[in-house]
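As structure tokens, the structure follows; a few thoughts come after it.
The values are calculated or read from the model by the stated rules, or taken from the named source; none is laboratory data. In this text, all values refer to a predicted model and were calculated from it rather than measured experimentally. Note that each Cβ is placed from the backbone with ideal geometry, even for glycine, and that neighbours are counted across all protein chains shown. Surface accessibility is based on the protein's heavy atoms, side chains included, excluding ligands, DNA and RNA. Shrake-Rupley method; radii C 1.70, N 1.55, O 1.52, S 1.80 Å.
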Amino acid sequence: MRAETAQMAVQSVSVVSPQLSAPSQEIVLRERAALHECCIYSRTNGYLKRWHADIGAHVKKGQLLAEIETPEVDQQLRQSRSNLATAQANVKLRRSPRTGNQGLLETMRCRSKT
């Protein structure tokens, strides 16, 4: 029994030299895909001012990717603020019966100076 155990304990090694041959199987590798994908749609028209992350870069939730200049939207915002200021001035004039036309006259003078 000791002889048999000793014989089984001896490891045998086979040496094989690699040789070029025709492929027996074709290996098809899948493209790597992102763990999470999302579509980014623009919400406004504008021009790209500055990139903060390149395509394919690792980003974190909430990270700023790019800055967009929006001259048309900025103009609309300025116009809306102006309209709001005008409406607020009109409400103020209507609520103040004591000033009467004097308040209207002062408002018109301020507007003609700007």
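Of the residues making up the stretch 27-52, those that are more than 17 Å from Glu69 (Cα to Cα) and not in a loop (DSSP other than H, G, I, E, B) number 0.
Okay, residues lined up against (1) of a type in the set (A, V, I, L, M, F, W, C); (2) surrounded by 10 or more Cβ atoms within 10 Å (Cβ to Cβ); (3) in contact (Cβ under 8 Å) with a residue 12 or more places away in the chain; (4) in contact with an Asp or Glu (Cβ under 8 Å, 6 or more places away or on another chain):
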{"position": "Ala33", "(1), (2), (3), (4)": "yes, no, no, no"}
{"position": "Tyr41", "(1), (2), (3), (4)": "no, no, no, no"}
{"position": "Thr44", "(1), (2), (3), (4)": "no, no, yes, no"}
{"position": "Trp51", "(1), (2), (3), (4)": "yes, yes, yes, no"}
{"position": "Ile68", "(1), (2), (3), (4)": "yes, yes, yes, no"}
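Only one of these is at pLDDT 90 or above and either open to solvent by less than 100 Å² (accessible area, probe 1.4 Å) or of a type in the set (A, V, I, L, M) (or both): Gly62, Gly56. Name it. Of Gly62, Gly56, the one residue that is at pLDDT 90 or above and either open to solvent by less than 100 Å² (accessible area, probe 1.4 Å) or of a type in the set (A, V, I, L, M) (or both) is Gly62. Taking each residue of the stretch 70-90 that is over 25 Å from Thr44 (Cα atoms) and looking for partners that are hydroxyl-bearing (Ser, Thr, Tyr) with beta-carbon atoms closer than 6 Å, six or more apart or interchain, yields Ala89/Thr107.
Okay, residues lined up against (1) among the aliphatic types (A, V, I, L, M); (2) over 30 Å from Ala34 (Cα atoms):
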| position | (1), (2) |
| --- | --- |
| Lys49 | no, no |
| Ala53 | yes, no |
| Lys61 | no, no |
| Gln75 | no, yes |
